[in-house]
1. Are any residues in region 213-232 within 24 Å of SER148 (Cα to Cα) and surrounded by 17 or more Cβ atoms within 10 Å (Cβ to Cβ), and if so, which ones?
2. With (1) more than 18 Å from PHE36 (Cβ to Cβ); (2) within 32 Å of the chain's Cα centre (by Cα); (3) crowded, with 19+ Cβ neighbours inside 10 Å as the list, and LEU94 as the residue in question, which single condition is left unmet?
3. Considering each of ALA320, ALA359, ALA371, ALA348 in turn, give the residue that is modelled with pLDDT of 90 or more and in a helix (DSSP H, G or I).
4. Quick check: is even one residue across region 167-180 under 30 Å from GLU137 (Cβ atoms), among the aromatic types (Phe, Trp, Tyr) and touching a helix residue (DSSP H, G or I) at 6+ places or on another chain (Cβ under 8 Å)?
5. Does any residue of region 274-283 turn out to be among the charged types (D, E, K, R) and out of contact with any strand residue (DSSP E or B) (no Cβ under 6 Å at 6 or more places or on another chain)?
6. Condition first: out of contact with any helix residue (DSSP H, G or I) (no Cβ under 8 Å at 6 or more places or on another chain) and among the small types (Gly, Ala, Ser). Now tell me which residues in region 277-325 satisfy that.
7. How many residues does region 239-279 hold that are assigned to a helix (DSSP H, G or I), touching a residue at least 40 places away in the same chain (Cβ under 8 Å) and surrounded by 15 or more Cβ atoms within 10 Å (Cβ to Cβ)?
8. Would you mind listing the helices (runs of 4 or more DSSP H) fully within region 1-112 where at least 2 residues are in contact with an Asp or Glu (Cβ under 8 Å, 6 or more places away or on another chain) and at pLDDT 90 or above?
Amino acid sequence: MQIDGFTVVLMGLLARTLLGVLFLVFWLRDKRAVWFLWWSAIFFLGDVAALFYLLNQFAFSSFPFGYEVAILIAAIACCWQGARTFEGREPLWLPVLVAPTIWMLACLVPGFLETASYRVVLSSLLLAPLAAMSGVEFWRGREERLPSRWAIILLFASLSIFFASRIALVGVAPFPFGAQPVQTNWVGAFSLILFLHTIILAVLIVAMSRERLEREQMLKAQTDLLTGAFNRRAFLAYGERLIMRHRMAKKPLCLLLFDLDQFKELNDRFGHVGGDQFLMRFVAVACSNIRPGDFLFRLGGDEFCCLLPETDAGEALTIAERMCRRIASTTIRIGDEPVNVTASVGIASTDRFGYSLDALLYEADIATYAAKAGTKWLWQGPTPPAPAQSRKSRLQPACRLRSQGAGFAARRDVSSRHAQFLLRLSDPVGRRFGCGSPISGRRPCARR
């Protein structure tokens, strides 16, 4: 099949001009999207390179040869910088200037322009790494899960391999694929490959920009504006998916439900500004004491929930103990007055209550209510946990046991339909704090 090189180059020039204008308009509409400006420059530089080629081949045979390659190298270098700005990194101006300069200096060497193999090898050595670095930048940002990300990484890998393959073909293929005499079909095929990469690249850049915008809007809709924690909508969405995933894998998951103590009194005393500071400080402390894979949600008011993936009741208890200590030892200043942050916590595990988000939330709410009602360390279940003595010894350096309240006190709770074992603790200055955990056992008992 005959491919007319002039037609393909001309069509590519017109298409890149249109894309360059569109991307420039996108940038003017949103100046924060700086990558659109870089990609607009890429398309315009490609137009200039194509124009130089057309003038050299079809209009002025004496036009200085090599300029179009230098401009093409600058365009691919701008691809790299566009990828960097898309990922939130500062652009590197040095590659944009140095790579074309190397080519232009090589053109000054006698015999370089007259030897096609030299031109093919050097241009490929400059173009292939620049295209590869563009793909690397998008790969570095893979934590932002955009559906089109891997497609654009593969596109730049393809472009890099295409440029690098010219070195292997230098002795066998016609120019511009190799260094053999020029053939019209090969020029058209080369231009068509670049044209297709350009069109696909433009589509993927627009797609990724839209996916990022949609992702940001979704995160805003699922984020509590005051504290920065996930909101109730996110809890229902992420919670159901986590429950389903753990049910299929038959792995445990725990839910912690926090209720801030005396929040209403504090809000009435210091106003909404004081209450807001209280909530923000609690979230900061909580986020600093959970694991990277855990999720913190604000369900509403002073109620917060934490989902602990692949965590059994014992591990959840350890996390809750650590968080209770840190929260109880936290003091914030509202105006000139110090205020202590305390919370009651209920724990529910899929090992005990099954893979139902509603059931976990309900049982954790019962445990939290019992913790706020009068006790501050709450074991919820038919019997207290076996390693109670070792836990007591671990807590003594940070908490002082009250002699009249140390130990387990059992009572019946009609709403929960099982005994709740309560261990009263206080910190060295008398503040009380708490958490709850479902513990399995055989029958109720009490220790005094």
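1. Matches in region 213-232: GLN222 only.
2. (3)
3. Answer to the check: ALA359.
4. Yes, region 167-180 contains a residue that is under 30 Å from GLU137 (Cβ atoms), among the aromatic types (Phe, Trp, Tyr) and touching a helix residue (DSSP H, G or I) at 6+ places or on another chain (Cβ under 8 Å).
5. Here is the first cut: in region 274-283, the residues among the charged types (D, E, K, R) are 276, 281.
Still in the list and also out of contact with any strand residue (DSSP E or B) (no Cβ under 6 Å at 6 or more places or on another chain): 276.
Yes, there is a match, as at least one residue in region 274-283 is among the charged types (D, E, K, R) and out of contact with any strand residue (DSSP E or B) (no Cβ under 6 Å at 6 or more places or on another chain).
6. Residues satisfying the conditions are ALA284, GLY293, GLY314, ALA316, ALA320.
7. The qualifying residues number 11.
8. Where helices (runs of 4 or more DSSP H) fall fully within region 1-112 and carry at least 2 residues being in contact with an Asp or Glu (Cβ under 8 Å, 6 or more places away or on another chain) and at pLDDT 90 or above, they are 5-29, 67-86.
The values are calculated or read from the model by the stated rules, or taken from the named source; none is laboratory data. Because the structure is predicted, anything quoted here is derived from the model rather than measured. Positions of Cβ are backbone-derived with ideal geometry, glycine not excepted, and every protein chain shown enters the neighbour counts.
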